[in-house]
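Taken together, the values in this text are just the output of simple stated rules run on the coordinates, not laboratory data. These numbers come from a predicted model, not from an experiment. Methodologically, a virtual Cβ is constructed for each residue, glycine included, from the backbone with ideal geometry; neighbour enumeration extends over all protein chains shown.
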Amino acid sequence: MSSNAVQLGMHDWFIVLSPPHQALVQGGVVSQHFSAGTFIARRGEQSRYWIGVHSGLIKLAVYSLDGRGATFSGIPAGGWCGEGSVIKRELRRYDVIAIRDSDILLVPVDIFHTLMTESLPFAAFVIRQLNERMGQFIATIQNERLLGVDAQVAQAIAQLFHPMLCPRTSAVLELSQEEIGLLTGLSRQRVNQALSQLGKLNLVNVSYQSIRVVDLPGLRSFGLSEL
């Protein structure tokens, strides 16, 4: 079995495809390694691929000419992104950046459209994905504008446990304070303060380069009473 087949076999949408459609994807998918800090796709470029994370962590973000930035979402291993731009065959509306070294699966736009047209299970998956992603984006904007910093950090971590968008997240996140800062746009020092507070509330346990979520429901609800 090829390495592409092994990697694709870990993703639910691929498993439900018919054998001919699986063969189509296996023959066209591109597997590529990106080092931390590398751009996987750039804002303003043509959307040529649907992007999946086999291993690692990436983020979707935009930056202004004066260096200001906004992060929309973090995508851990098992997650996929960019289907909206691929469906519309439009220019990418945000940068896709590797936060850590990541192995990425790239499904070409023409294969994606063939699956959307011919595979009902795939089309259903993409529709659910779009719906969940829209809800996540709305929550992210809400959190940045209305929540305190501690709650922003709590919600950023909780989003990595979304059952559909992040299906392979385990209870222990191999996530550094710097990486959380990259996801939230906060300084490492401020992230450290927030994690300390969340630890005191027994929501997380923090150790070197990892965070264990102790109370996921509590983490998801933390700070939302402010709204």
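General remarks:
- Each residue of the range 26-38 was assigned a 3J(HN,Hα) from its phi angle through the Karplus curve 6.51 cos²θ - 1.76 cosθ + 1.60 (θ = phi - 60°); the sequence is 4, x, x, 5, 10, 9, 9, 9, 10, 6, 4, x, 7 Hz, with glycine and proline shown as x.
- Ordered by the count of other Cβ atoms within 10 Å of each Cβ, fewest first, T169, T117, T140 give T117, T169, T140.
- For the range 3-140, the relative contact order works out to 33 percent when only alpha carbon pairs closer than 8 Å and six or more residues apart are counted.
- Backbone phi angles across the range 168-179, fed through the Karplus curve with coefficients 6.51, -1.76 and 1.60 (θ = phi - 60°), yield HN-Hα couplings of 10, 6, 9, 5, 9, 8, 7, 9, 8, 4, 5, 5 Hz in residue order; Gly and Pro are listed as x.
- For the listed peptides 99-106, 220-227, a ranking on the average number of other beta carbons within 10 Å per residue, highest first, reads 99-106, 220-227.
- Cα→Cβ-extended label distance, 7 Å offset, between E174 and R42, nm: 3.0 nm
- Charge context of S55, other residues only, Cβ under 10 angstrom, K/R +1, D/E -1: 0
- L175 long-range amide H proximity, modeled H, under 5 Å: S210, I211
- Burial order of peptide ranges 56-66, 190-200, 76-86 (average beta-carbon count within 10 Å, highest first): 76-86, 190-200, 56-66
- Normalised by the number of residues in the range 42-109, the mean separation of alpha-carbon contacts (under 8 Å, six or more apart) gives a relative contact order of 52 percent.
- Net dipole in debye of the chain [+1 Lys, Arg Cβ; -1 Asp, Glu Cβ; about Cα centre; nearest 20]: 280 debye
- Put the Cα centre of the range 156-189 next to the Cα centre of the range 1-74 and the gap is 18 Å.
- For V214, the residues 5 or more places off, or on other chains, whose built amide H falls under 5 Å of its own are V204, N205.
- Long-range amide H partners of L57 with built H, under 5 Å: I99, R100
- Table column - 3J(HN,Hα) (Hz), the range 95-107, Karplus curve with 6.51, -1.76, 1.60, x for Gly and Pro: 7, 10, 10, 6, 7, 10, 3, 9, 9, 10, 9, 10, 9
- 10 °C / 1.306 mPa s Stokes-Einstein diffusion coefficient of the chain, Kirkwood radius on C-alpha pairs, µm²/s: 87 µm²/s
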